[in-house]
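Structure record follows, encoded as structure tokens.
The values are calculated or read from the model by the stated rules, or taken from the named source; none is laboratory data. Keep in mind that what you see is a predicted model, and the values were worked out from it rather than measured. Heads up, the Cβs are rebuilt from the backbone with ideal geometry, glycines too, and the neighbour counts pull from every protein chain shown. The accessibility values were calculated without ligands, DNA or RNA, using every heavy atom of the protein model including side chains. Shrake-Rupley method; radii C 1.70, N 1.55, O 1.52, S 1.80 Å.
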Amino acid sequence: MTRRGTRRVLFILAIALAAGWIALRPSTSIQLFGWSTEFHLVRGLDLQGGLQVLLDADLPPDVSPTTEQIETARDIIEKRVNALGVTEALVQIAGSRRIVVELPGIENPEQAIQALKETGLLEFVDMSAFSPAQAASLEGQRIETDFGSSFTSSTSPTPIPTEPAGLPAAAGATPSAAPAGPVFHTVMTGADLAGVTATSDQVGQYAVSFTLTPQGTQVFADFTRTHVGRPLAIVLDKQVISVPVIQSAITEGQGSITGSFTREEANQLAVQLRYGSLPVPLKIVESKNVGPTLGQESITRSSLAGAIGLIVVAFFMAAYYRLPGLVAVVALLLYALVAVALFKIIPITLTLPGVAGFILSIGVAVDANILIFERMREELRAGKVLRQAIDLGFSRAWPSIRDSSLSTIITCVILYWFGNTFGASLVKGFAVTLALGVGVSLFTAINVTRTLLHSALDNLRIPEHPGWFGV
């Protein structure tokens, strides 16, 4: 064996060991130079169950959101569910105005649904016309503000036209016919937030701390400096969640939202504010808990069926193609290990259609070997020596393998685009695993099989022996 051939064998052996170590273990942790990660097989909604939510743009039927708006909404929702601790959530656009959210293994569906549907519009609303007690009575109620409404207030920070029912009239408030209820002045919105975190104090009281942008810091400093001792409402989606009293001028751009928060509520509020408002309002059209459609028993049966099929294919290759067939079986096993390892490393969320795509790619890998071996037989029948027949077989079968693999990958790209555009996540899973499997099969058929075949011939020292090839 040449030095180059030895290096190739060692390289293939290293890949086989690394792929086997990752693929055959349920979970693999790697720590290197302070960097650590964990590889495990991620199962999709149909394999482990979870929550599926269909969101639709809450707009009139004749009004459609722009492509940019729906894509931005998709990105924000994905960040929200990931921040809630939902691993491998699938969030994708369905059509022109709908978003499909799949949350495998979700443990708190109500919390996730709440985070999905909230728009997260935070407003700091001036209530200096009321006493602290009067303003506190509005906590938990919905109010109207001059931000985003058809009513535009003056520059005065007092609520404009009437007082809420049950409260005495505040000084300076003048009644008006429209709008029907009181409209409060918005001092600042959540757009001026630079960072938001959920915190707790020594007695276990939860709050949401925030920092402001330079512009927001200036606005907040100017307002609080002239309204010390007066209430300032913190309003989320037009609902008053807290009415703190300004104790002193806040000039450093830091503050906190306090209230009767549980840990989950504080974390959820922080997530909503951290990732901003949705560019288009969304409503939940459908929400359902999905059980694993396969179940462990079906997964076991599918694995058994796949193993039986692999054994039958291996027996056929060895019986019909002799030595090349045995080498192809080794390459096929390496292909399976590398593919499963890549599923864990990337990672790819494995669904039932994804499993089908992987099994189909095994057939593609076997097909490439068959093309090579048949070309080798033709060269041997033409009188070529064995080593020359091997090289010619590989080189002349390559155009067919290349073109067939490329056409399959193009089909996978089309399927992936179709699934991503129309919300067919099952089609996407099939396309991804099939394309990845085809790519790995190219490597194993052209590099691994050829290297191992030459290595076997060199070791056995049989440069010309057609019987080993079933000729």
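Filter the range 341-368 down to the residues that are open to solvent by 20 Å² or more (accessible area, probe 1.4 Å), under 19 Å from ASP46 (Cα atoms) and part of a helix (DSSP H, G or I) and list them by number. Within the range 341-368, LEU352, PRO353, VAL355, ALA356, PHE358, ILE359 qualify. Taking the numbered list (1) at pLDDT 80 or above; (2) buried (at least 16 other Cβ atoms within 10 Å of the Cβ); (3) farther than 28 Å from GLN111 by Cβ in turn, ALA173 passes all entries but (1). If you go through the range 252-272 and keep only what is touching a strand residue (DSSP E or B) at 6+ places or on another chain (Cβ under 7 Å) and either in a loop (DSSP other than H, G, I, E, B) or not hydrophobic (A, V, I, L, M, F, W, C) (or both), you end up with GLY253, GLN254, GLY255, SER256, THR258, GLY259, THR262, ARG263, ASN267.
Picking from LEU332, LEU350, which residue would you name as being hydrophobic (A, V, I, L, M, F, W, C) and more than 29 Å from HIS454 (Cα to Cα)?
LEU350
Just to check your reading of the model, which residue among GLU139, GLU163, GLU88 is at pLDDT below 60, charged (D, E, K, R) and not in a helix (DSSP H, G or I)? On inspection, the qualifying residue turns out to be GLU163.
Considered as a group, the residues in the range 369-423 that are aromatic (Phe, Trp, Tyr) and open to solvent by 60 Å² or more (accessible area, probe 1.4 Å) include one that is nearest to VAL101 (Cα to Cα), and that residue is PHE422. Residues in the range 224-251 that are touching a Leu at 6+ places or on another chain (Cβ under 8 Å) and not in a strand (DSSP E or B): THR224, ASP237, LYS238, VAL243, PRO244, ILE246. Taken over the range 246-260, the residue count meeting the criterion of being in contact (Cβ under 8 Å) with a residue 40 or more places away in the chain and either β-branched (Val, Ile, Thr) or open to solvent by 40 Å² or more (accessible area, probe 1.4 Å) (or both) is 4.
To keep it simple, each residue is scored yes or no on (1) modelled with pLDDT under 90; (2) not polar (S, T, N, Q).
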site: LEU326; (1), (2): yes, yes
site: LEU337; (1), (2): no, yes
site: ALA341; (1), (2): no, yes
site: PRO347; (1), (2): yes, yes
site: THR351; (1), (2): yes, no
site: LEU360; (1), (2): yes, yes
site: ASP367; (1), (2): yes, yes
site: ILE372; (1), (2): yes, yes
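Does the range 204-245 hold any residues that are of a type in the set (Val, Ile, Thr) and buried (at least 20 other Cβ atoms within 10 Å of the Cβ), and which are they?
Of all residues in the range 204-245, those of a type in the set (Val, Ile, Thr) come to 208, 211, 213, 217, 219, 224, 226, 228, 234-235, 240-241, 243, 245.
If the condition is that a residue be of a type in the set (Val, Ile, Thr) and buried (at least 20 other Cβ atoms within 10 Å of the Cβ), then VAL208, THR224, ILE234, VAL235, VAL240, ILE241, VAL243 are the ones that fit.
Within the range 286-306, the set of residues being modelled with pLDDT of 80 or more and open to solvent by less than 70 Å² (accessible area, probe 1.4 Å) comprises SER287 only.
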